[in-house]
Amino acid sequence: MNSGGGSDNEPLLRDAENHLNDVCSSTESIEEFLEHQERISLRLWVRLICWESKAIWLLSWASITVSIFNYMLSFVNLMFIGHIGFIELAGASLTNLGIQGFAYGVMLGMASAVQTVCGQAYGAKKYSSLGIICQKAIILHLGAAILLSFLYWYAGDIFRALGQSTEIAKQGEIFARGLLLQLYAFALYCPMQRFLQSQNIVNPLAYISIVAFLLNILFNWLAIYVLDYGVFGAAIALGVSWWILVLLTGSYIVWSPSCKQTWTGFSVHAFRGLWPYFKLTAASAVMLCLEIWYNQGLGLISGFLPNPAISLDSISISLNYLNWDLQFMLGFCTTASIRVGNELGAAHPRIARFSVIVINSTSILISIVFSAIVMIFKTILSKSFTSNEEVIKAVSNLTPLLAVSVLLNGIQPILSGVAIGSGWQALVAYVNLTTYYVIGLPIGCLLGFKTSLGVAGIWWGMIIGVLLQTITLIILTARTDWNKEVDKAVERLSKSSNTEESLSTVIPE
C-alpha cells in the first residue's frame, strides 16, 4: 500500500469523486481511501460514514436484540417475583446482585476471550481454529461453573454472614439453589454465542433469543400463578429458558451450513494448549468481572443501609433499568468488538479506527434519547416492579442519577468492546481496579453511610468510578497506534500455518 502523495494518488481520488457507488466496493479500497483521508471531500466522508453505519447496524440490530432479550429473561423473572411480595423480591434481588452477578461476571469475562481470538482469527481467514477455540472455552466455562455451584448452594449462609436479615437471606437461598440449572446452561451458551458473533452470524441468535424470551414468560406464569411454586419455581423457569437457548444455539452450530468451515466437530485438540488460552481467559474474566461486580457490589452495600428492604428494592429496580439500557449498549459493544477484531485480523487499521469513531458517535446520540425517556417516565418505571409506595418514591428519587448513568453507558461499553476486540483485557483490568475499587467504591460508601444521601450517595460513587474509567479509556483509545495493533494481531495468528496442530499459537501472549 503506497503512502506517498503526489500524482500517484490523484487518479484514485478523482475516480472516487466521480464514482461514489464504487467507493465502498471492498474493505481494501476503503482502507486505501482512509490512508489519504486529508484529500477526501465532505461528500466522500458522508459516503464512508453511511457505509460504516450500514455495517454497524447489520450487526448491531441482532446483537442488541440478543443482549436485551437475554437480559429480559432475568428482568421478567424479577417482575413476576416482585408481585409475590417485597421480601421475596429483596431475596431474589440479593441473589441476582450478589451470587448470580458474581457468576455473570466470571462467565461473560471468560467468554470475551473467545471474541478476541475468534474475531481476529476469522478476519485473518483462519477458519479451522474457531471451533477448537470454542470447545476450549466450553471446557473452562464448565470448570468454572462447578466451582461457582458452591456459592449458589450456600448462598443463604453467605448472606447471613454478611449481615443480611434472616427473611431476606432465606428467600435468596431458595432462589439461588433453583438457579443452579441456569448456571450450567449459561456456561455452555456464552462461548457458543461468541463463536457465532465473531463470524458475523448474529441474526439466528436474535431469533433464538426472542423464542426463549416468549417461552420464559409462559414458564414464569405457570410456575408462579398456576403451580404456585413461588420463588423456587421462578428460578427453575429461568433455568429452563436458558437451556432452550443452549439447545437451539448448539443445534444451529452443528447443523447449519454457515458453520461448515468453522465447526468440524468435537476434537481432542480442544484439550491441548489450554494453559495459554486460560491466561487470556483469566485476564478477560478479571476485566469484565471488575466492571460487573462494581454495580452489583454497590447494590449489595445498599442492603446495609437503614430500612434495608426499601434500600435494596429501590437500588435493585434502578439497577435493573440501568442494566436494561446497558444490554442495548452491549449490542454496540459486541459490534465494536467484532468490527475491530475482524479488521485488525484482516490488516485494516484505518477501518478499525474509523469504525470506533462511528460506533461511539451513534451510541452517544442514542443514550441522550434514553436519558430523556428515563426522566419522563420515572414513576411508571418503578410501578412496573412494585406497588409499595415507599419503594416507588425511593426509585423516583434515584431517577436523575439513573439518567446520568444511562448517558455514560453511551461511551463506556463501546470502548470496552474496542478493548476486547484489540486484546487489551489485562491493561483495562488495571484501569477498572483503580477507578472502580480504589476511587469509586470508597466514595460511594462514604457518601452513602456518612452523609444523609443514603442510596443516592452510593449511586454517586458508582457514577464517579464509571466517569473516571470512561475518561481513561478515551485517552487510551485516542493514543492507540492501530498499525501496531495490526502487527500484534498478525504476529499472534501467523506463528502457525496449521492451527489444528498448534492452536495455542493463536492465543495472545
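Each value in this text was obtained by applying a stated rule to the coordinates, not by laboratory testing. None of the values given here were measured: they were computed from a predicted structure. So basically every Cβ, Gly included, is an ideal-geometry build from the backbone, and we count neighbours across all protein chains shown.
Brief remarks follow.
- Derived scalar couplings between HN and Hα for the stretch 409-417 equal 5, x, 10, 4, x, 5, 5, 5, x Hz in order, rounded to whole Hz, by the Karplus curve 6.51 cos²θ - 1.76 cosθ + 1.60 (θ = phi - 60°), x for Gly and Pro.
- Using a simple spin-label model with pseudo-atoms 7 Å out from Cα toward Cβ, residue 365 and residue 161 lie 5.1 nm apart.
- For the pair residue 438 and residue 393 in one chain, pulling the backbone fully straight at 0.36 nm per residue adds 13.1 nm over the alpha carbon distance.
- Gyration tensor verdict on the stretch 206-340 (Cα atoms; rounded if a/c is under 1.5, prolate if a/b is larger than b/c, oblate otherwise): oblate
- Structure note, pairs 125/484; 126/260; 126/484; 125/260; 170/393; 136/260: Cα-Cα distances above 22 angstrom occur for 170/393.
- Extension gain for the segment residue 275 to residue 149, taken as residue separation times 0.36 nm less the Cα-Cα distance, is 43.1 nm to one decimal.
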